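Engineer: Pasting in a structure now, in structure tokens, and then I'll have a few things to ask.
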Amino acid sequence: MLKGKIRQVAANGDANLGDAHRDNPRVNAKIDDWIKNNEKHWAYIQALPRDRMERMLALHEVQKIERSEKLDAGLLRKINESPETRKAYDALVQHLPEGQREEAMVSIARQNMRTTARLTRPQQAKPEGVGVGV
């Protein structure tokens, strides 16, 4: 089952957003650097027919959604492996409607995973600089 913005756009019919796209200078700089470093691949992309390029972009979005769903399934499996963990997550989402509980558990587990990864990551040393008023 594909979730996400692809389904929402398809359902809403908002595929032609027109002027709703904005430029981000940092993203444009990254793209320009990539183009300079990958001229042959860029030429290949430019030579693609529009239909093929659209399908490649759609495939990329589908793969992104599949990765997210696979991660969610893994997190839910990990929650269900331990009865104590499952009980703790059930207590956290007990106030939610039955249909939203699993999604909320996965969301909490994902946030917990990010926080744990951030806290266990070795701290990078701050560069020595000139102090003011030391």
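All of the numbers you see were taken from the coordinates with simple rules; none came from a lab. Remember, predicted model here, so these are calculated numbers, not experimental data. Cβ placement follows ideal geometry from the backbone for every residue including glycine, while neighbour counts extend to all protein chains displayed.
Engineer: Under a point spin-label approximation (7 Å from Cα along Cα-to-Cβ), what is the residue 60-residue 78 distance to one decimal in nm?
Structural biologist: That separation, rounded to one decimal, is 2.8 nm.
Engineer: Oh, and also: Put +1 on the Cβ of each Lys and Arg and -1 on the Cβ of each Asp and Glu in region 50-119; which of 108, 60, 74 then has its Cα farthest toward the positive end of the dipole?
Structural biologist: The residue sitting farthest along the positive end of the dipole is 60.
Engineer: If you don't mind, another one. What FRET efficiency comes out for the pair residue 115/residue 42, r = Cβ-Cβ distance, R0 = 35 Å, nearest 0.05?
Structural biologist: Computed FRET efficiency for residue 115 and residue 42: 0.35.
Engineer: Count the net charge of all other residues whose Cβ sits under 15 Å from the Cβ of residue 114, scoring Lys and Arg as +1 and Asp and Glu as -1.
Structural biologist: Taking every other residue near residue 114 into account, the sum is +3.
Engineer: Also, quick follow-up: Any idea what the dipole of region 50-119 comes to, in debye rounded to 20, about its Cα centre with Lys/Arg Cβ at +1 and Asp/Glu Cβ at -1?
Structural biologist: 340 debye
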